[in-house]
Each structure stands twice: as structure tokens, then as C-alpha cells.
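Asks: Pasting a structure below so you can have a look.
The values are calculated or read from the model by the stated rules, or taken from the named source; none is laboratory data. Owing to the predicted nature of the structure, the values given are computational and were not obtained by experimental measurement. Backbone-built Cβ (ideal geometry, glycine too); neighbour counts: all protein chains shown.
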Ligand SMILES: Cc1ncc(C[n+]2csc(CCOP(=O)(O)OP(=O)(O)O)c2C)c(N)n1
Ligand SMILES: [Mg+2]
């Protein structure tokens, strides 16, 4: 199997879908000619391959980029637009929150908006809080949207293809920390269904629900805990909306313990939703209190030691797991 | 006049050398976090504009604001330390290079959200008008920022209310990797002023004196209650968008052509011809600037990082 990075996996998904369906087009800031010429960036090479008619470099105009997707999609095109960094989602948010998410409902089910908004996200680069702010819980608070956040290159490829083929608006978060590390990705044309969580590592003692870049943290912690005789099950949520409730509950029913791990800040984070789901629907199978491991409630600071303090890590996860496993 | 010219020259040279040092430093792995976005070649805009301002005047900057801040009088040591992420930095390491704030000199905010500062400048100018203060606001932003909705909403409102604000569009030909003609149809951003009912002025952004002149006039209009002005400074970004940018899309000849038009060399030449300074004066000035810049780097290097838990401070009062 090919060993490629998440950036390359996204490239493949975009290129394959563009070949498959000529209604797919791309738009965004610097997606054709950009300031980063690394071949590992998700849209690298696509302008050359598909031309300026289908790979549109836009002005710095997020509201118009998002609106472009809304308008083009209701006309039957399949736009895949990019928001360069998650904090700039706020500039596009009117079109996404008030329009993409609601217009089908407002039409009484007559119209559809098959669009994808790719959003690059994740702290760790030292650029500070206006470039790093994981806002997936905001998006997940908008019925009418689907929200996808892959943690592996293989998932990114299959999920992005599903997102492009989906007739609903999909917000697709890509953690930039995953752009540069190769892992195994199938070569063939495959999709991964939106709305299905994935057990990345089966285990007996405790369920760790996580997504995106934190998957790696979960694996590191699980390796350490495994040596101490604690068998962790890692459930990669992959999709936040629609939420795979059965998948979460099934896992917790097996292990009896739940820790949720995410990079976004804790209060109002999507971990609260997972905890509430389990408390509501699987309380009786819990052997211990639910724990959340997430960033503290602060903007992402720039200075190295401060940013490290912000970022949830395996030590915090290990501590949380041990506090509920005797 | 000579005094003013000399001041502009010194300030530009300081900004140039300060940022050249940053170019060096960010090549060293782990030295400075994040991106490194410099105004090399554009120094005449920051110094010319700030040369026309008083201490009480407010500036709002963008992601390319080292020059704006230094020209407004920010302490280079505190700036350098912040760029390093040290606790002695002007923002205690919370900001880093991209969103420096130096309220001590009324540089109230620089924002790396493109166009994000423009509405804020409407607010600070509103407060100045409200309090009938004798101060104004200047907002610096790029040609790319004029493509954001925030630009259009803000200029309309500022004109409508005759707010004492100068919108300084630093047109360096590029918005990220997009050339001006690839990101907007108009040739002069200043033309847009008419659509909002305010004067629009285009000026050679590599001529610090000319920039100072038009800013001083716009400032007078602000103080006379005549409302805002849009000034477009035509200049050029010598380096990439940031220091990681390999400039593959920027023609070499274009860069060379603009380097010929270096704003610092231009004024230096004039000062020499006019006999206002000698080669020896220049050497002495270079030496003293190098000393200040080295001091700033030493200060930053010797300063400690913030303790990790300090990340929790300053979210609320
Ligand atoms: C809202 C928003 N969108 C996109 C970006 C990414 N970005 C940073 S600077 C920049 C180009 C800005 O160009 P311009 O306003 O001309 O300023 P310059 O960099 O040329 O000084 C872009 C697209 C951003 N920081 N903020
Ligand atoms: Mg520009």
C-alpha cells in the first residue's frame, strides 16, 4: 500500500473526484498558486492538472468564498472550497451557518446544497490564536451541516470523497499537524461513510473517544497504559455530525469507562456532547465517572512553553485514565 | 525639513536592520516561533505615516506590523523579546510576532486576520470623536485586505459619520501569492474612496516624505471634522509573504527593479547630495543601530520564557 501524508491523501481524493465528476470545482485563497509550494499541501499540483477554470484562486474574501459555494451548489455544481485557517471560518460563517445549513430546510426540502468547506486547523506551529482555534463544536452546533474531522490519511481520503459525493453541506476539518507524516493509504477508489466512528484499537478497560490529531496522543498513551496492564479502546469519532451514537455507546457498554480527548478547549467543546450522550443513554454501564481531557479555556498562546501547556498530551490522558481505572 | 528627512532616514534604517536580523534569526531552528512576516522595502510607509502623527494618535496594524510599531515608538527590546516568545516581551509571549500590541504608544492592536483591524479603527476613531479628543486613528492594511467585506463596511460607516480616521492601504502588489491584477479589477485601491464619499489619495509609498505630507493633510482634515481619508501607498514586498515563502511566483526582475527604488537609499542619496549628512555620519548611524539591534537580541535571548501556567493569565481581568 502507498505511504502518503494526509495532505497527499486529500490531493488524491480531490483529483479523483474531479476526474469522476466535472461538476466538482475548487476555490480558495492560494489553492492554485500559493505562498507554500510544498508538494505535501492538499491542493498542490491541481491547478496544473485541472486548469484555472476548475481550480479558482480567490481574493481574500471568505464570505464570498463560502457564498460562492452555497450559490454554485444549489445550481448543481459541487464546490469544494477552502478556508485557510480555522479562525477565518468566522468571516465565512454567515454563509455557512445561516445559509448553507438552513436553506434546504427553508425550502421545505426542495433545494439541496452539495458543498464541501475544507478548513485547515490545529495548534502547534507557534503562530498563535488567530491562526489556531479548533472550532469544530461551533460547526457541530448547526443542524443541516455535516462535520467531519479525520485523524488518519486513509480516513481523510475516503471521507473527503464521501463528503464531495454527499448532497448535503459538509464541513471538513484537516489538522495541519497531520499533513506531513506518511501512513498507509489504499490506492483504489474507496469511500468511508460519514457518520460512522471507527475502533482504531480494541480494548477492554476504558474507551477513549477522540478525533483528528489527538488520535496520535491516544495511541501513545495506550501504549504506555498497555504496559501497565490497562487495555485502552480507542474510538476515532471521525464524524461529529451526524454523531455515531451507537458506536460510542457500544464501546462504553463493553469497557464501562469513558475518557474523551480533544484538542479544542474544554468548556463548550464537543467532548461535553459525548459525555452527555453516555450519561443519558448508557449511565448504567459506567463503572466510573466520565473524564474529559482537553485544552484549558484559553486562546492558543504563541510562546513555545505556553503553547505546549495548551496542547493536550499523553501524560494528561494517562493521568485521566488512571484516575478512573483502579 | 532637513530634520524631518533625517528622522525618516534613521527610522527607516532602524526598521530595515531590525528586520534583517529577524531574517537571520528565523533560519535558526527553534529560535522564533510561528511565521515571520516582514516589511522589508516598505519602510517608507510606516515611517512616513507615523512621522505625521502625535503620541496620542492611535494606530491599528495588521500581520506585517513590525515597522508600524517601531515607527510609532515601540521599545525594540520588548518587541524582540515578544517575537522570541519571552516573558519580557510586550505581550508576555501570548502574541509572538503576528499580533503585537503596544498600548503604551497607542498601537492598540495589530491583527493577523486580514481586514480585521479596519472596523476596529472605526471604533477607536468613534471614541476620539465622542470624547472630542485632538487625536486621530490610522489603520494600516494591505491591498489584499481591501478585498474583505470589513473594508467596505468600515469605509462606508467612517465616511458617513465623519470619523477622524485615515485608512492607509499599503499596496505592495501582492496579496499572498496573488498579484494585484489577480485579486482585484481596479488599478488603484484609492479609487474606491469615491464610492464611500471620502477623499482617496495615491502616493509613492517608497517616498517617505511624500507619505508624511499626505498623511499630515489627511490628519488636518480629520481634526477639522471633515472625516476620513483613504491613502494608498504604492510600494513593493521585497521578500516573500513570510520568510518560508520561496517567491516562486514573484518575477526576479520585478524584485530587482523595486530594490533599485529602495526608499532608504533614495532619501540617503538626497541627504548626501544636500550635504545634510556625510558618509562618516552614515557609518556612525549604522554602527549605533547595529548596537541597538544586537542589544534587543541579547535582551530577548537572555530573558526567560514565561512559566507554562502563565498561559492561564490575561484571559479575563
Ligand atoms: C481573514 C484572513 N484570511 C486569510 C488570511 C491569510 N493571509 C494572511 S496575509 C494574506 C494576504 C494579505 O495581503 P495584503 O492585505 O495585501 O497584505 P500583505 O501581506 O501584502 O502585507 C492572507 C491571504 C488571513 N490572515 N486572514
Ligand atoms: Mg499586499
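Asks: Which of the following residues is more than 16 Å from ligand 2 (Cβ to nearest atom), over 24 Å from residue A:65 (Cα atoms) and surrounded by fewer than 16 Cβ atoms within 10 Å (Cβ to Cβ): B:209, B:226? Reasoning before the result, please.
Replies: Numbers: B:209 fails: surrounded by fewer than 16 Cβ atoms within 10 Å (Cβ to Cβ).
Exactly one of B:209, B:226 is more than 16 Å from ligand 2 (Cβ to nearest atom), over 24 Å from residue A:65 (Cα atoms) and surrounded by fewer than 16 Cβ atoms within 10 Å (Cβ to Cβ), namely B:226.
Asks: Quick one: would you say residue B:121 is closer than 23 Å to residue B:202 by Cα, within 16 Å of ligand 1 (Cβ to nearest atom) and buried (at least 24 other Cβ atoms within 10 Å of the Cβ)? First the steps, then the outcome.
Replies: Numbers: closer than 23 Å to residue B:202 by Cα: yes; within 16 Å of ligand 1 (Cβ to nearest atom): yes; buried (at least 24 other Cβ atoms within 10 Å of the Cβ): yes.
It is true that residue B:121 is closer than 23 Å to residue B:202 by Cα, within 16 Å of ligand 1 (Cβ to nearest atom) and buried (at least 24 other Cβ atoms within 10 Å of the Cβ).
Asks: Given the conditions (1) surrounded by fewer than 22 Cβ atoms within 10 Å (Cβ to Cβ); (2) out of contact with any strand residue (DSSP E or B) (no Cβ under 6 Å at 6 or more places or on another chain); (3) farther than 17 Å from residue B:39 by Cα, which single one is not true for residue B:267?
Replies: For residue B:267, the failing item is (1).
Asks: Pick out the one residue from B:236, B:316 that is in a loop (DSSP other than H, G, I, E, B), loosely packed, with under 12 Cβ neighbours inside 10 Å and at pLDDT 95 or above. Can you show your working first?
Replies: Values: B:236 fails: loosely packed, with under 12 Cβ neighbours inside 10 Å.
Checking each option against the conditions leaves just B:316.
Asks: Then there is this: The conditions are (1) assigned to a helix (DSSP H, G or I); (2) within 16 Å of ligand 1 (Cβ to nearest atom), and residue B:14 fails exactly one of them. Which is it?
Replies: (2)
Asks: On to the next question. Would you check which residues across segment B:37-54 are surrounded by fewer than 22 Cβ atoms within 10 Å (Cβ to Cβ) and either more than 24 Å from residue B:263 (Cβ to Cβ) or within 14 Å of chain A (Cβ to nearest Cβ) (or both) and list them?
Replies: Hits for segment B:37-54: nothing passes.
Asks: For residues in segment B:295-310 being part of a helix (DSSP H, G or I) and touching a residue at least 40 places away in the same chain (Cβ under 8 Å), which is farthest from the other protein chains (Cβ to nearest Cβ)?
Replies: First, pick out the residues of segment B:295-310 that are part of a helix (DSSP H, G or I): B:295-302, B:308-310.
Narrowing further to those that are touching a residue at least 40 places away in the same chain (Cβ under 8 Å): B:295-297, B:299-301, B:310.
Working: B:295: 21, B:296: 17, B:297: 17, B:299: 16, B:300: 12, B:301: 14, B:310: 7 Å.
Ranking the qualifying residues of segment B:295-310, first place goes to B:295.
Asks: To continue, here is another question. Give segment B:71-95 a look and list any residue that's touching a strand residue (DSSP E or B) at 6+ places or on another chain (Cβ under 9 Å), in a helix (DSSP H, G or I) and over 27 Å from residue B:175 (Cα atoms), or say none.
Replies: Selection gives B:78 alone.
Asks: Next up: Working carefully through the options A:200, A:220, find the one that is at pLDDT 95 or above and in a helix (DSSP H, G or I).
Replies: Values: A:200 fails: in a helix (DSSP H, G or I).
Of the residues listed, the single one that is at pLDDT 95 or above and in a helix (DSSP H, G or I) is A:220.
Asks: Go through (1) in a loop (DSSP other than H, G, I, E, B); (2) crowded, with 19+ Cβ neighbours inside 10 Å one by one and return the number of the condition residue B:68 breaks.
Replies: Every listed condition holds for residue B:68 apart from (1).
Asks: Would you call residue B:155 part of a loop (DSSP other than H, G, I, E, B), away from every other protein chain (no Cβ under 14 Å), surrounded by 23 or more Cβ atoms within 10 Å (Cβ to Cβ) and touching a helix residue (DSSP H, G or I) at 6+ places or on another chain (Cβ under 9 Å)?
Replies: Working: part of a loop (DSSP other than H, G, I, E, B): no; away from every other protein chain (no Cβ under 14 Å): yes; surrounded by 23 or more Cβ atoms within 10 Å (Cβ to Cβ): yes; touching a helix residue (DSSP H, G or I) at 6+ places or on another chain (Cβ under 9 Å): yes.
No: the conditions fail for residue B:155.
Asks: Among the helices (runs of 4 or more DSSP H) contained in segment A:1-105, which hold 2 or more residues that are within 11 Å of another protein chain (Cβ to nearest Cβ) and within 22 Å of the chain's Cα centre (by Cα)? Break it down into steps so the answer makes sense when it comes.
Replies: On the way: elements: A:6-20, A:46-50, A:62-74, A:89-93.
Ranges flagged: A:62-74, A:89-93.
Asks: Taking the conditions exactly as written (in contact with a strand residue (DSSP E or B) (Cβ under 9 Å, 6 or more places away or on another chain), at the interface with another protein chain (Cβ under 9 Å from one of its Cβ atoms) and closer than 18 Å to residue B:39 by Cα), does residue B:98 satisfy them or not?
Replies: Details: in contact with a strand residue (DSSP E or B) (Cβ under 9 Å, 6 or more places away or on another chain): yes; at the interface with another protein chain (Cβ under 9 Å from one of its Cβ atoms): yes; closer than 18 Å to residue B:39 by Cα: yes.
Considered against the rule, which asks whether it is in contact with a strand residue (DSSP E or B) (Cβ under 9 Å, 6 or more places away or on another chain), at the interface with another protein chain (Cβ under 9 Å from one of its Cβ atoms) and closer than 18 Å to residue B:39 by Cα, residue B:98 comes out as yes.
Asks: Still on this structure, I have one more. Conditions first: (1) within 18 Å of residue B:215 (Cα to Cα); (2) buried (at least 20 other Cβ atoms within 10 Å of the Cβ). Residue B:74 passes all but one, so which condition is the exception?
Replies: That leaves (1) as the condition not met.
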